[in-house]
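Scroll down for the structure; my scribbles are underneath it.
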């Protein structure tokens, strides 16, 4: 169940270790059946379509969680227990699958205003 949504309007993301150009597609908070509130940050990275491997973007996830998601959540006054960050080669609707679109995901538990990698 989604209980808070913010259309990002293709907001620019900060620089990431991979050097890829990213834009925020959307952010929303999703409440799981167990009550866990999950902040979902969905980014578009068109260069992924050019064969960029996960190894190149792996460090981007922690950088985005710490440098982008946590400040964003504080600014939007959203309290979540988990952050999921996704990178896709082009925009997709949440939950949609398209074999021609490259997608990578990582999850972080939020404890004491810090991102703790959970690993998918």
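The values are calculated or read from the model by the stated rules, or taken from the named source; none is laboratory data. Computed from a prediction, not measured in an experiment: that's the story for all the values here. Cβ: placed from backbone, ideal geometry, glycine included. Neighbour counts: every protein chain shown.
Computed values, structure above
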item: Residue match in region 60-75 (condition: touching a residue at least 60 places away in the same chain (Cβ under 8 Å) and farther than 18 Å from residue 17 by Cβ); result: no
item: Some residue of region 67-76 being at pLDDT below 95, in contact with a strand residue (DSSP E or B) (Cβ under 7 Å, 6 or more places away or on another chain), over 14 Å from residue 25 (Cα atoms) and in a loop (DSSP other than H, G, I, E, B); result: yes
item: Selected residue [modelled with pLDDT under 95 and surrounded by 19 or more Cβ atoms within 10 Å (Cβ to Cβ)] from 5, 13; result: 13
item: Sole residue being surrounded by 14 or more Cβ atoms within 10 Å (Cβ to Cβ) and within 25 Å of residue 31 (Cα to Cα), chosen from 101, 52, 80; result: 80
item: Subset tally (residues that are closer than 25 Å to residue 33 by Cα, in contact with a helix residue (DSSP H, G or I) (Cβ under 8 Å, 6 or more places away or on another chain) and in a loop (DSSP other than H, G, I, E, B)) for region 79-120; result: 3
